[in-house]
1. Considering every residue in B:325-338, what mean count of other chain Cβ atoms within 10 Å of its Cβ is obtained?
2. What ranking, highest mean first, results for peptides B:17-26, B:41-50 when packing means the other Cβ atoms within 10 Å averaged over each residue?
3. What number, in percent, do you get for the relative contact order of chain B if the mean sequence gap of Cα pairs under 8 Å and at least 6 apart is divided by its residue count?
4. Once you average over the residues of A:26-39, how many Cβ atoms of partner chains fall within 10 Å of each Cβ?
5. Given the options A:Pro97, A:Pro59, A:Pro20, which has the most mean-square fluctuation in a GNM of chain A, springs set between C-alpha atoms less than 10 angstrom apart?
6. Considering only B:Thr13, B:Thr191, B:Thr229, give the residue with the highest GNM mean-square fluctuation for chain B, with springs between Cα atoms whenever their separation is below 10 Å.
7. Give the residue list of GluC sites (Glu not before Pro) in the range B:279-370 that are DSSP loop and have at most 14 other beta-carbon atoms within 10 angstrom.
8. Aspartates and glutamates near B:Lys52 by alpha-carbon distance under 15 Å, same-chain residues fewer than 8 away left out - which ones?
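Read-outs: derived from the displayed coordinates by stated rules, not from any lab. Since this is a predicted model, take the numbers as computed values, not measurements. Note that each Cβ is placed from the backbone with ideal geometry, even for glycine, and that neighbours are counted across all protein chains shown.
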Amino acid sequence: MNEFALIFRNDFHPETGYSPNKLQEIMQQWQVWMGNMASKGQLANSGTRLGGDGKAIKPSNVVTNGPYAEIKEMITGIIVVKAGDINEATEIAKGCPILNAGGSVEVRNIIPIGAN
Amino acid sequence: MQEKELIPYLYRTEFRKITAVLCRSLGIEHISIAEDLVGDTFLLAAETWGLKGIPQNPAAWLYTVAKNKAKDLLKRNTLFSQKISPQIQYATYDKNEIEIDLSVQNIQDSQLQMMFAICYPGIPPEAQIGLSLRILCSFSIDEIADAFLTNKETINKRLYRAKEKLKQDNVKIELPSENEIDKRIENVLTTLYLLFNEGYYSSNNNAVLRKDLCLEAMRLTHMLTENETTNKPAVTALLALMCFHASRFEARVDSDGELILYEDQDISLWNRELILQGERYLNKASTGDYLSKYHWEAAIAYWHTTTNNEKQKWEKILSLYNQLLITEYSPIAALNRTYALSKVYGNEEAIVEAEKLKLDNNHLYHCLLGELYSEVDIQKAIEHLLQALKISRVAADKKVIKNKISKLGKLKNV
């Protein structure tokens, strides 16, 4: 088994414009999706959700607010899954509820510690 | 109680008490001597009581004999110098004044300290669990072998190596320090959790419900809550979990000793007092900044005790199982989670997920599919149940599966 990072991208505040019921529904979809993965032992790391506050530090200690060229591109979270290969990881990513909410998922292979 | 039942009963409850006290008196390097000594005491009890009848206070009889045997052993100079290390020979023991304290308080202290000595990170987890089952829970080597699905020789070797390692590292029989306790207590809790499960989901064919084991596990867990150092939120959460499960003791077996599934239980037999007790513990456990898997499991068990809102109940249970699995994967949690999924989203959706679990060698996996298919495709349901029957090793489970098959068979023929 190899590990792959699923990187989620979406609007700056994806939750704005949703009713509490809709929000609840989205949360539940995420939970079921994550639960489905976890129950198959595919979840290597439940990762972390990222908030909207950001600073970017560039060479010469130039600090800017938010690193985002386009607000759609903001990284909203990351998890790590176990899969045989990148195609299998991509199949897992296809079930991600973010795809129904205007967002996208990027699948990346993880280089094991100690590899060159 | 007849002698035939009394001795195994006393072995279960007293072996570990006397052994813990003797280990503490003799030192960690002499666990095997302590075990043998207590074992001999029980042998003598079996011989003597068979001839002379059961003494008035059988436990006190055992204490006295074990104490005398320990004193004799220490007094016998040859053995003494061979087996007991020279530095403690005269330093610790005045041969005429050997004190083996079998008071309630010292038994309690000794057991608590032994729990932590055994759950020493220097020996592998399965050895810690095995040794705990032996010393703290009076398990026989056979029973430990059963619990680990292996044979006697493997367990004997494993325990021998563990004892050697404890001796070699000169592990102290004492409570760990404040900054070590969180790490060390995890192993202790795993062992107590296994002990409870051994009683609750007994693999022993002769006794469906070994209530005693569950109560012992609860007692040991409770002992941890009584000590300030060991009274951690995860401990209280585990105790809450045990209370919620134990509340269904009376409802989960019928008069013939056969298992009754959760769905078919008579709710009026659930023990309200234990449920309330569990709620109190769960509330108490809600402190600190870390949620153990026992918190999730206790919360799941809590929702199982509720009856007023089925929809809300299963949504909560599903959500908690998701979080439990995200914290820590286990096949059993995955199967139970899929059952909860069927309760919230229906059997067809749950079947799709269940079939991706790939737990073909687990009889409970086929039981689950049998259950899910029984409202969708009876033929498939029966096939899965037959497969479950083929691979199940637990007599009580086999009976439940057979009943289910015959029920479905009748439905099919209508």
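1. On the way: counts 10, 11, 2, 1, 7, 2, 2, 0, 3, 6, 1, 1, 5, 3.
Per-residue shielding by partner chains comes out at 4.
2. Order by mean packing, descending: B:17-26, B:41-50.
3. Working: 483 pairs, mean separation 43.0, N = 414.
Across chain B, relative contact order equals 10 percent.
4. Values: counts 0, 1, 5, 0, 1, 6, 9, 1, 4, 16, 10, 4, 12, 20.
Mean shielding by partner chains, rounded to a whole number: 6.
5. A:Pro59
6. B:Thr229
7. On the way: sites: B:Glu279, B:Glu297, B:Glu310, B:Glu315, B:Glu328, B:Glu348, B:Glu349, B:Glu353, B:Glu355; in loops: B:Glu328, B:Glu355.
Answer by residue number: B:Glu328, B:Glu355.
8. B:Glu3
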